[in-house]
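Encoded as structure tokens, the structure appears first; notes follow it.
The values are calculated or read from the model by the stated rules, or taken from the named source; none is laboratory data. Bear in mind the structure is a predicted one, so any value in this text is a computation, not a measurement. Virtual Cβ from ideal backbone geometry, glycine too; neighbours counted across all protein chains shown.
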């Protein structure tokens, strides 16, 4: 078996190897050798930068850099808490079950009372934007199920 490229091996050991570099469609990763789609930390950083400094939407940069909006918000939170080190992958998956705080539950129920047309996904996005709490849409849908909220 041929020896893997040292950079690839290093990225893998550091939790920074992008498993799907083919999903990165950002032009700078195609035009400049400096940018390497295999380097997940670099891809995530450039995704955050494109939104923060270029004023582009989360939807467009997520798509262009090959991640979901949920990953964008999780990446933003990790970067805010740990800096660049937070952009490397840790142990896959959530560290434990996520529970909404009492304040987040009250905020969600109040938003649903005033805006019942919002889907679970839309409420989860607003919760992330306004309170910095990231949850899956199903968490919101389960919370609202007794109130008659339909899955969306």
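Give me a count of the residues in the range 48-93 that are part of a loop (DSSP other than H, G, I, E, B), within 13 Å of the chain's Cα centre (by Cα) and without any contact (Cβ under 8 Å) to a residue 12 or more places away in the chain.
Qualifying residue count for the region: 2.
When you go through 64, 81 one by one, which is the residue that is at negative phi, out of contact with any helix residue (DSSP H, G or I) (no Cβ under 9 Å at 6 or more places or on another chain) and either surrounded by fewer than 17 Cβ atoms within 10 Å (Cβ to Cβ) or modelled with pLDDT of 90 or more (or both)?
Answer to the selection: 81.
Is it true that residue 133 is at pLDDT 90 or above, surrounded by 15 or more Cβ atoms within 10 Å (Cβ to Cβ) and either in contact with a helix residue (DSSP H, G or I) (Cβ under 8 Å, 6 or more places away or on another chain) or assigned to a helix (DSSP H, G or I) (or both)?
no
Considering the range 2-47 alone, what residues qualify as being crowded, with 18+ Cβ neighbours inside 10 Å and in a helix (DSSP H, G or I)?
Hits for the range 2-47 are 11, 29, 40, 41, 42, 43, 44, 46, 47.
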